[in-house]
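Q: Dropping a structure here in structure tokens format, bear with me for questions.
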């Protein structure tokens, strides 16, 4: 007896707003003709109030302040060894410009911070290292996959993060700092690693949801394929492609960190970045495996639909073939001729029925013997 399985959660990101198909308030084409380094926000969020958190810590001290203006937030406590400036809302051009002036950031880097369509990248300078990543998470209200542009600037005694927002991705890291864990006893390079690691870890949740949905769709394709199933397969396939476009640049970024020689990232922290690299390799392998599964499901769907169509056509053909001789007999005795010998015979009507039933049974038996039915 078949067990009725509950429907799994919806496929993440399967709404009108998905990955690279997001509607953009400002487009990259708006920058056409402008000189390099022009600060123009490219993204889907309207400019609004920013949320700024300044966290300073040493092995024995810790402070945390919140601001809504960038000016006061740029005055760090010199008695604390490491300062972390976290900005939620990169649509504010003035905020990004002020950060660039405070830390002497190259204008092209500021341009990348404001361009939420930029691919993940790594830029190494003498005084700072710039990370550009994509953070992926599941919106619990809509079950959509949200993709956010995140920038990390690692300096000699500071880390600056700029999130597209509005959710705070780094609240777990802030909680670890409050608990006086390992992170307060290490340098800013370890803090940068922890921020990258928490972004990468969120990818696994999305991949698990997609893997769960792919498994359910595979069973559905075999048991009861439908046009809705085909639509979900194509949506899942598109999600695989979009995730792959995010993961491959991330792999290159982490690999470059391992191979880049800079005094800002110590050898003891490079070991942790190698662990992040292993995670990216694992996720890429999972994506490739899911892509193969989805491609196989599409082939299975087409084969299943073709098989069902053949079964229907076979049944209709059998019925048509059986009724062909019966239609012939009915047509012969339906002719309006006056002199037909069988018309005046008492047993002609029952005999005709016996003949027609015998023909139908004989043909069905022959089809059965040939294994056509």
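Q: For a Förster distance of 45 Å, can you work out the FRET efficiency between the beta-carbons of residue 348 and residue 302, rounded to the nearest 0.05?
A: Plugging the Cβ-Cβ distance into 1/(1 + (r/R0)^6) gives 0.30.
Q: Taking neighbour Cβ counts within 10 Å as the exposure measure, how do 182, 251 sort from fewest upward? Don't jump to the answer; show the numbers that get you there.
A: On the way: 182 10, 251 17.
Fewest-to-most Cβ neighbours within 10 Å comes out as 182, 251.
Q: Pop a pseudo-label 7 angstrom from the Cα along the beta-carbon direction at both residue 77 and residue 278 and give the gap in nm to one decimal.
A: Modelled inter-label distance: 3.6 nm.
Q: Pairing the Cα long axis of helix 267-332 with the longest principal axis of the chain, what angle in degrees results, from 0 to 90 and rounded to the nearest 10?
A: 10 degrees
Q: Separate question: Using the count of nearby Cβ atoms within 10 Å as a rough guide to exposure, how do 204, 76 rank from fewest to most?
A: 204, 76
Q: In degrees from 0 to 90, rounded to the nearest 10, what is the angle of the helix 227-259 Cα long axis to the longest principal axis of the chain?
A: 30 degrees
Q: Which entry in (i) 24.0; (ii) 21.4; (iii) 25.5 matches Kirkwood radius over Cα pairs in Å derived from the coordinates of this structure?
A: Structure-derived value, by its label: (iii).
Q: Per 0.36 nm of contour for each residue apart, how much would the distance between residue 51 and residue 67 grow if the chain were fully extended, relative to their Cα-Cα spacing?
A: 5.1 nm
Q: Evaluate E = 1/(1 + (r/R0)^6) for residue 285 and residue 317, where r is the Cβ-Cβ distance and R0 equals 56 Å; express this FRET efficiency to the nearest 0.05.
A: Values: r = 47 Å, r/R0 = 0.85.
Working from the Cβ atoms, E equals 0.75.
Q: Here's something else I'd like to know. Taking the alpha-carbon centroid of each part, what is the distance from segment 176-209 to segment 235-273 in angstrom?
A: Centre-to-centre distance over Cα atoms comes out at 14 Å.
Q: Any number yet on Rg/Rh for segment 62-217, C-alpha, Kirkwood?
A: Details: Rg = 16.4 Å, Rh = 16.6 Å.
Result for segment 62-217 is an Rg/Rh of 0.99.
Q: Based only on other Cβ atoms within 10 Å, what is the fewest-to-most ordering of 314, 237?
A: Result, fewest neighbours first: 314, 237.
Q: Moving on. Report the FRET efficiency, 1/(1 + (r/R0)^6), for residue 211 and residue 179, where r is their Cβ-Cβ distance and R0 is 35 Å, rounded to 0.05.
A: It comes out at approximately 0.60.
Q: Okay, moving on. Output the 0 to 90 degree angle, nearest 10, between the alpha-carbon long axis of helix 348-369 and the longest principal axis computed from the alpha carbons of the chain.
A: The angle comes out at about 40 degrees.
Values quoted throughout were computed directly from the atomic coordinates according to the rules given, and no laboratory measurement underlies them. Because the structure is a prediction, the values reported are computed rather than measured. With ideal geometry, Cβ positions are generated from the backbone for all residues, glycine too; neighbour counts draw on all protein chains shown.
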